[in-house]
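The values are calculated or read from the model by the stated rules, or taken from the named source; none is laboratory data. Because the structure is predicted, anything quoted here is derived from the model rather than measured. Positions of Cβ are backbone-derived with ideal geometry, glycine not excepted, and every protein chain shown enters the neighbour counts.
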Amino acid sequence: MKILVIIPTFNYAFLLANAIDSVLSQRRKADLVMVVDDASQDQVLAKVVSDRYNIPFVGREKNLGHYENFKRILTDILVPSKYDAACFITADNWIHPDYLLETEKLLTGNTAVVGTQTYIVGEYAEMMYHERPGWEERSNNHLVWTWKRSLINENCWLHGSSLFSIDAAKKSEGFGTTNGPDWNLWRNIAKEGYDLDKVERPLLYYRQHRLNHYQSTYEKALIKL
């Protein structure tokens, strides 16, 4: 199996090296790693970081936004490629060295998407703990989002860095326009009759910080004031 890892970034150049290091440190090496920058203000720095690692870099001249950027990655990069599977590791997150090894093991037969349990880290992790469902334990002093199997079966609720079959993605309706592009893709792949699965270990480090998409209820209340 040939695996392509895409690292999307938007104004996260200062975190990019951490994500790249985690991908390059995999026990099962990716066959290709690529950075895609959606017209960030710090795109020049993101390219410098990518060049330092000798990683292919795609820099958008115009910001496409979350949905359109992922659609273009699918149509322009993944569909024409000769790779079998792909995953997105956003520049503000990182993965355990066993990530690709363990997810690839389950991406067989009719299974087309494989996620993992998730460590929630960063300054806003505790806020997220109190506001999101699905938290069941702590491990190594981190919160762990277990992604309950019932949620996977009913709602295709796997994290956005899940390893997925490119062929299955081609046959699906893609990312959609609402509810999160990754969640839509898994849902549309499942509609084609494919199975979803997850590794019962937390192998993704999902960083919650001031610059990412997540806003706590507390922050929203402050904005209203």
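Six or more apart or on different chains, Cβ atoms under 6 Å: show the pairs whose first residue is in the stretch 188-202 and surrounded by fewer than 15 Cβ atoms within 10 Å (Cβ to Cβ) and whose second is at pLDDT 90 or above and not in a helix (DSSP H, G or I).
Sorted first by the residue in the stretch 188-202, then by its partner, the pairs are GLU192/SER172.
Please enumerate the residues belonging to the stretch 13-53 that are in contact with a Pro (Cβ under 7 Å, 6 or more places away or on another chain), in contact (Cβ under 8 Å) with a residue 60 or more places away in the chain and under 18 Å from ASP92 (Cβ atoms).
Listed by number, the list holds a single entry, SER25.
So ARG187 fits all but one of (1) touching a strand residue (DSSP E or B) at 6+ places or on another chain (Cβ under 9 Å); (2) modelled with pLDDT under 90; what number is the exception?
Every condition holds for ARG187 apart from (1).
Check the stretch 110-128 and report whether any residue there is out of contact with any strand residue (DSSP E or B) (no Cβ under 6 Å at 6 or more places or on another chain), surrounded by 21 or more Cβ atoms within 10 Å (Cβ to Cβ) and at pLDDT below 85.
There is no residue in the stretch 110-128 that is out of contact with any strand residue (DSSP E or B) (no Cβ under 6 Å at 6 or more places or on another chain), surrounded by 21 or more Cβ atoms within 10 Å (Cβ to Cβ) and at pLDDT below 85.
Does the stretch 28-55 hold any residues that are closer than 16 Å to ALA13 by Cβ and surrounded by fewer than 14 Cβ atoms within 10 Å (Cβ to Cβ), and which are they?
GLN41, VAL44, VAL48, ASP51, ARG52
Would you tally the residues in the stretch 67-95 being in contact with a helix residue (DSSP H, G or I) (Cβ under 8 Å, 6 or more places away or on another chain) and buried (at least 16 other Cβ atoms within 10 Å of the Cβ)?
Of the residues in the stretch 67-95, 17 are in contact with a helix residue (DSSP H, G or I) (Cβ under 8 Å, 6 or more places away or on another chain) and buried (at least 16 other Cβ atoms within 10 Å of the Cβ).
How many residues are within 21 Å of THR108 (Cα to Cα) and at pLDDT 70 or above if we restrict to the stretch 147-183?
18
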